[in-house]
Amino acid sequence: MTRGCARSGLRPSIDGGLGWLPDSRRVWFLAEHDGWMQLSTVDATSASPTRTALTTGAFRIDAVRVGPGGDRFYIQSTEASPGERHLYAVAVDDGASTRLTSVPGGHEGVVSPDGEVIGLVSSFASRPPARCS
């Protein structure tokens with residue numbers, strides 16, 4: 001068993017914000033390295049592991065899931081606006097991102113096992129929540 005450690009002095013989020021990539025080399029994690037909860041990876045098999053930031057900026061990552069093929073993350077973030085949550089696909093290797101939702105509001109989704117469909121739950125300021133009685 002190989003052991004690696006990258007030290008940053010900052011406490012990462014481990015509440016749903018930490019996991020292995022399918023390559024069994026890299027660990028992904030959420031941490032506030034720049035004051036905002038962002039996504040990074042580290043190669044745990046490296047002799048000198050260093051953090052690779054995949055997202056940066058004045059926004060927060062709220063949720064992360066590794067995609068079915070292991071080549072991308074699906075994240076929920078406030079990048080568009082602090083009052084909105086949108087879904088993005090983020091490449092595991094270089095952090096290139098694509099916004100998947102466009103309507104203003106809050107969006108939460110899960111990708112199907114084959115990566116072809118996203119189950120999406122959305123809420124909007126102009127539509128109050130349904131009331132059950």
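The values are calculated or read from the model by the stated rules, or taken from the named source; none is laboratory data. Everything quoted here is computed from the prediction, not taken from an experiment. FYI the Cβ positions are ideal-geometry reconstructions off the backbone, even for glycines, and counts take in every protein chain you see.
Look at the range 91-112: where a residue is at positive phi and a partner is surrounded by 11 or more Cβ atoms within 10 Å (Cβ to Cβ) and in a loop (DSSP other than H, G, I, E, B), sitting 6+ places away or on another chain with Cβ atoms under 7 Å, you get GLY95/LEU54; GLY95/THR55; GLY105/GLU84. Taking the conditions (1) within 13 Å of the chain's Cα centre (by Cα); (2) closer than 22 Å to PRO113 by Cα in turn, THR41 satisfies each one other than (2). Evaluation of GLY115 against the conditions (1) farther than 26 Å from GLU32 by Cβ; (2) without any contact (Cβ under 8 Å) to a residue 12 or more places away in the chain shows that the sole unmet condition is (2).
In this structure, LEU54 qualifies as closer than 24 Å to LEU18 by Cβ and either touching a residue at least 24 places away in the same chain (Cβ under 8 Å) or touching a strand residue (DSSP E or B) at 6+ places or on another chain (Cβ under 8 Å) (or both).
Residues in the range 4-21 include at least one that is modelled with pLDDT of 90 or more, over 28 Å from ARG127 (Cα atoms) and touching a Pro at 6+ places or on another chain (Cβ under 8 Å). Each residue in the range 68-85 was checked for being within 18 Å of VAL117 (Cβ to Cβ), in contact with a strand residue (DSSP E or B) (Cβ under 8 Å, 6 or more places away or on another chain) and not hydrophobic (A, V, I, L, M, F, W, C), and 5 of them qualify.
Restricting attention to the range 94-128, the residues that are within 18 Å of THR56 (Cα to Cα) and surrounded by fewer than 12 Cβ atoms within 10 Å (Cβ to Cβ) total 3. Taking first residues from the range 121-133 that are part of a strand (DSSP E or B) and partners that are at pLDDT below 80, the Cβ contacts under 9 Å between residues at least 6 apart in sequence or on separate chains come to SER123/PRO129. In the range 65-76, is there at least one residue being among the β-branched types (Val, Ile, Thr) and either loosely packed, with under 15 Cβ neighbours inside 10 Å or in a strand (DSSP E or B) (or both)? Checked the range 65-76: at least one residue is among the β-branched types (Val, Ile, Thr) and either loosely packed, with under 15 Cβ neighbours inside 10 Å or in a strand (DSSP E or B) (or both). For HIS33, the stated conditions hold: it is part of a loop (DSSP other than H, G, I, E, B), over 12 Å from the mean Cα position of the chain (by Cα) and modelled with pLDDT under 95.
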